[in-house]
Amino acid sequence: MTDELRFQTDPESADDSWAAFAAATSGRGPLEYFHSAMDFVDGNNGRGRQAIDLGCRGGADTRALLSRGWRVFAMDAEPGARRLLTAGLPPDSLHRLDIAIGAFHEVELPGADLVYAQFSLPFAGEYFERAVVNALKAVVPGGAFVGQLLGINDGWITEEGAAAVDQRWIEQSFADFASVEIDEREHDAPYGPERETRHFHFFHIQARR
Ligand SMILES: C[S@@+](CC[C@H](N)C(=O)[O-])C[C@H]1O[C@@H](n2cnc3c(N)ncnc32)[C@H](O)[C@@H]1O
């Protein structure tokens with residue numbers, strides 16, 4: 001992620017909160033993970049298929065999905081997501097967008113051809129396992145999950161109380177999927193308003209049910 005997921009606002013106006021994260025990322029384009037997901041599901045022509053953007057916050061990926069013709073169920077715990085998601089959206093896109101504000105482990109998700117969870121589920125903290133179960137059960141037969149889960153060395157584990165997993169945990173959790181690709185990455189990269197170097201350790205996961 002990381003370098004690309006950095007804050008892009010005036011450092012004076014940003015802080016460590018998710019609100020600052022959302023403001024900083026709402027105007028960005030899709031990152032490499034999103035393009036990877038589109039390749040995985042032949043997603044550049046959504047053809048009205050249903051996607052879920054889990055932890056949508058700034059709305060960049062929801063907008064990218066809508067512009068490719070997907071229907072999108074966008075959800076986040078932060079109420080401010082609603083305003084960020086709908087600002088400036090054309091009527092045709094609004095028509096294909098549903099928004100839910102709530103917690104990953106509690107929100108009732110529709111069946112989806114793509115569940116997209118970009119650096120979001122680990123922040124469910126103590127509800128992490130329930131959050132993952134909720135996310136995976138939303139994937140319809142033939143559908144896909146693409147997202148990132150954190151490894152034990154990631155700085156967010158101690159800084160934010162985020163949940164860590166390992167390769168074995170992922171393989172077990174995706175046991176009823178037809179295929180799962182796990183790409184483990186670990187590196188330092190600048191992040192945040194101060195562009196401080198932080199340590200990233202995560203698994204980029206692409207799975208098909
Ligand atoms: C690191 S941000 C990633 C946002 C976006 N997916 C991206 O990649 O730019 C994590 C997001 O998850 C949301 N979040 C954290 N814990 C949550 C929870 N338990 N339930 C729902 N959303 C949560 C935050 O509000 C935030 O928008």
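The values are calculated or read from the model by the stated rules, or taken from the named source; none is laboratory data. In this text, all values refer to a predicted model and were calculated from it rather than measured experimentally. Positions of Cβ are backbone-derived with ideal geometry, glycine not excepted, and every protein chain shown enters the neighbour counts. For the accessible areas, the whole protein counts, side chains as well, though only heavy atoms, and no ligand, DNA or RNA atoms are used. Shrake-Rupley method; radii C 1.70, N 1.55, O 1.52, S 1.80 Å.
Before moving on, here are some points about what is shown:
- Tallying residues that are in a strand (DSSP E or B) and touching a residue at least 24 places away in the same chain (Cβ under 8 Å) within the range 187-209 yields 15.
- Residue count for the range 50-67, restricted to those that are assigned to a helix (DSSP H, G or I) and of a type in the set (Lys, Arg): 1.
- Hey, His204 closer than 22 Å to Ala74 by Cβ and either open to solvent by less than 90 Å² (accessible area, probe 1.4 Å) or more than 17 Å from the chain's Cα centre (by Cα) (or both) or not: yes
- Among the residues listed as Glu106, Glu129, Glu184, the single one being open to solvent by 20 Å² or more (accessible area, probe 1.4 Å), over 24 Å from Arg47 (Cβ atoms) and part of a helix (DSSP H, G or I): Glu129
- Here is the figure for the range 53-67: residues that are within 10 Å of the ligand (Cβ to nearest atom) and modelled with pLDDT of 90 or more total 8.
- Candidates Ser179, Ser120 - the one that is open to solvent by 40 Å² or more (accessible area, probe 1.4 Å) and hydroxyl-bearing (Ser, Thr, Tyr): Ser179
- Filter result for Asp98 (of a type in the set (Asp, Glu), outside any helix (DSSP H, G or I) and over 24 Å from Arg185 (Cβ atoms)): yes
- In the range 144-166, the residues that are open to solvent by 20 Å² or more (accessible area, probe 1.4 Å), outside any loop (DSSP other than H, G, I, E, B) and either touching a strand residue (DSSP E or B) at 6+ places or on another chain (Cβ under 8 Å) or among the charged types (D, E, K, R) (or both): Ile157, Glu159, Glu160, Ala164
- Any hit, the range 138-150, residues being out of contact with any helix residue (DSSP H, G or I) (no Cβ under 9 Å at 6 or more places or on another chain), on the phi > 0 side of the Ramachandran plot, more than 10 Å from the ligand (Cβ to nearest atom) and at pLDDT 95 or above: yes
- A count restricted to the range 27-67 and to residues that are among the β-branched types (Val, Ile, Thr) and open to solvent by less than 10 Å² (accessible area, probe 1.4 Å) stands at 2.
- Members of the range 68-94 that are in a strand (DSSP E or B) and either open to solvent by less than 20 Å² (accessible area, probe 1.4 Å) or within 12 Å of the ligand (Cβ to nearest atom) (or both): Val72, Ala74, Met75, Asp76
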